[in-house]
Amino acid sequence: MKLAVLGGGGVRMPAFIRGVLSRPAVFDEIVLFEPDAARRETIGRLAAELAAPLGQPGVVRVTPDVAEAFTGADFVFSAIRVGGDEARVIDEDVALRRGLVGQETTGPGGCAMALRTIPVVLSYCELLATYAPRAVLINFTNPAGLITQAISQHAQVRAVGVCDTPSGAVDRLAQFLDADRGQVSFSYAGLNHLGWISSFTVGGDEKIGTLLARYEELQRFDHRFAPFDPGLVRMLGAIPTEYLYYFYEPQRYVDAVARAGASRGASVLRLNTELMAGIAKAFEVGDVHDAWSTYSTLMGIRRDSYMRADTEGDKMPQVPGRPPATGGRVTPADATGYERIALQVIGGLTARQTSRVIINTRNGATLGFLDSDDVIETPAHIDGGGIAPLAAGALPSSAQGLITRVKEYERGVVTAAVTGDANLAALALALHPLVPGVTVAKEMMSEYRERHGPHLAYLR
């Protein structure tokens with residue numbers, strides 16, 4: 001079985017490949033497509049060379065040729081960032097300078113990212129339909145739900161979106177209750193980065209009331225629950241996933257970034273620049289183990305600082321000189337995050353296992369207040385027969401209202417992207433709950449078009 005990866009030089013790819021190759025062999029061939037030479041020679045090379053110490057030599061290779069990557073593929077992972085980290089900085093800055101939430105996947109930043117990305121992803125889908133028409137595309141290009149909606153409505157490929165945010169929250173709730181994950185059932189529904197857990201049972205006993213009553217303890221247990229006011233969460237009667245922070249506490253976010261002195265995007269750009277240089281240096285003086293040591297050190301800093309600036313105003317730690325390129329060995333690791341969910345999807349679709357996974361897929365009748373072809377984030381049953389969204393539990397009325405408004409914004413962004421209509425893009429942005437009206441939306445869209453240059457030149 002062959003896996004192709006769009007964005008094979010992305011910074012998360014070595015960790016992704018390590019997780020995949022640490023499992024019993026699933027793929028005979030993994031081809032990382034990366035058009036950027038510097039990324040192929042550093043991050044892509046590291047990802048490919050991990051195969052040998054993990055016992056699967058020759059399974060992974062890197063190519064700048066998309067036809068070579070796609071031909072014969074059974075599954076394709078999409079993990080691209082159009083415009084790179086520099087574009088993310090622009091996305092966030094345009095909003096932050098106006099006192100608005102500047103985050104890469106939601107609000108103005110998410111809109112600009114989607115508008116840059118949708119035409120590129122759809123062009124790759126056209127190639128995929130030519131070179132591997134039976135392949136399944138697993139999308140974790142952000143904003144994942146919005147991009148999956150564009151693919152679902154305007155491409156001739158089978159696609160499903162994945163994100164590890166809700167699954168990670170469910171896992172931590174189980175750990176908080178000291179519950180066997182196999183005994184846990186839950187209700188979750190929403191959109192990508194906009195979802196709520198409304199039921200959580202252990203061995204058939206409902207525990208959502210316990211989780212709400214002990215929410216302050218839960219906040220101390222895991223930082224992803226810390227940003228929310230416990231009284232608000234108890235009033236909702238459901239536990240929000242972490243990205244709802246930007247909707248419930250927009251002013252706190254803006255103030256926190258001001259204290260930190262830099263947006264998350266600016267900090268990640270600095271760290272990723274160090275990462276690329278560090279991996280290149282490690283390969284000059286050592287081997288794959290040295291490169292992995294550098295990579296894991298810097299990715300650990302990135303992981304440990306996640307959302308800290310956005311919620312607490314913490315600055316990302318400085319790297320003390322170039323991290324040592326010695327001392328680390330490539331060892332197997334359990335699949336976590338995106339790769340775990342992607343492998344569950346693949347296991348279900350190939351009938352290797354029956355999976356119940358939270359994914360981004362067409363709504364059908366799951367959320368009755370949305371259109372059937374809207375893409376939502378929901379648990380789904382996956383087996384050799386395909387993907388079947390599961391019934392959703394009751395959501396708070398305020399959550400339904402927020403989902404409805406954000407989905408209307410998403411529909412508008414997709415239409416603007418496929419028609420190239422700049423005015424429609426601004427009007428769609430104005431519908432977003434984090435944007436204070438049409439005038440500001442038009443100002444931001446004009447600035448995005450100017451600063452992103454060729455990436456948004458198709459908008460007229």
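Among the residues of the range 22-64, those identified as open to solvent by 10 Å² or more (accessible area, probe 1.4 Å), among the aliphatic types (A, V, I, L, M) and closer than 25 Å to Q353 by Cβ are A25, V26, L54, V59, V60.
Residue by residue, here is whether (1) open to solvent by 70 Å² or more (accessible area, probe 1.4 Å); (2) charged (D, E, K, R); (3) in contact (Cβ under 8 Å) with a residue 60 or more places away in the chain holds:
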position	(1), (2), (3)
Q400	no, no, no
I403	no, no, yes
K407	no, yes, yes
T415	no, no, no
E447	no, yes, yes
L459	no, no, yes
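The condition of being of a type in the set (V, I, T), under 18 Å from the mean Cα position of the chain (by Cα) and not in a helix (DSSP H, G or I) holds for only one of V160, V121, V170, that being V160. Screening the range 1-91 for strands (runs of 3 or more DSSP E) wholly inside it with 1 or more residues that are modelled with pLDDT of 95 or more and acidic (D, E) returns the ranges 29-33. Residues that are more than 23 Å from G84 (Cβ to Cβ) and surrounded by fewer than 18 Cβ atoms within 10 Å (Cβ to Cβ) within the range 273-301 comprise E284, V285, G286, D287, listed in sequence order.
Under the condition of being in a loop (DSSP other than H, G, I, E, B) and open to solvent by 10 Å² or more (accessible area, probe 1.4 Å), the residues counted in the range 373-384 number 2. Within the range 251-272, being open to solvent by 50 Å² or more (accessible area, probe 1.4 Å) and assigned to a helix (DSSP H, G or I) holds for Q251, R252, D255, A258, R259, R270. Whenever a residue of the range 287-307 is under 10 Å from V330 (Cβ atoms), its partners that are among the aromatic types (F, W, Y) and modelled with pLDDT of 95 or more, lying with C-beta atoms within less than 6 angstrom and at least six residues away or across chains, give the pairs A291/F283.
Counting only residues that are free of Cβ contacts under 8 Å to residues at least 40 places away in the same chain, among the hydrophobic types (A, V, I, L, M, F, W, C) and over 17 Å from P454 (Cβ atoms), which one in the range 99-140 is surrounded by the most Cβ atoms within 10 Å (Cβ to Cβ)? Looking at the filtered set, the residue picked out is C125. A Cβ distance below 7 Å, combined with a sequence gap of six or more or placement on separate chains, defines the contacts here; from the range 24-48, residues that are touching a residue at least 12 places away in the same chain (Cβ under 8 Å) and under 11 Å from V5 (Cβ atoms) reach residues that are buried (at least 17 other Cβ atoms within 10 Å of the Cβ) and of a type in the set (S, T, Y) in the pairs V31/T63; F33/T63.
Is it the case that I387 is open to solvent by less than 30 Å² (accessible area, probe 1.4 Å) and touching a residue at least 40 places away in the same chain (Cβ under 8 Å)? It is false that I387 is open to solvent by less than 30 Å² (accessible area, probe 1.4 Å) and touching a residue at least 40 places away in the same chain (Cβ under 8 Å).
Assessment of the range 370-377 against the conditions (within 24 Å of V184 (Cα to Cα), modelled with pLDDT under 95, in contact with a Leu (Cβ under 8 Å, 6 or more places away or on another chain) and not aliphatic (A, V, I, L, M)) yields no matching residue.
Of the residues in the range 418-435, none is open to solvent by 60 Å² or more (accessible area, probe 1.4 Å), outside any strand (DSSP E or B), out of contact with any strand residue (DSSP E or B) (no Cβ under 6 Å at 6 or more places or on another chain) and over 18 Å from A112 (Cβ atoms).
The values are calculated or read from the model by the stated rules, or taken from the named source; none is laboratory data. Predicted model, so just to flag it, every value in this text is computed and none were measured. Using ideal geometry, Cβ is built from the backbone for each residue, glycine included, and neighbour counts are taken over all protein chains shown. Note: areas computed on protein heavy atoms with side chains; ligands, DNA, RNA excluded. Shrake-Rupley method; radii C 1.70, N 1.55, O 1.52, S 1.80 Å.
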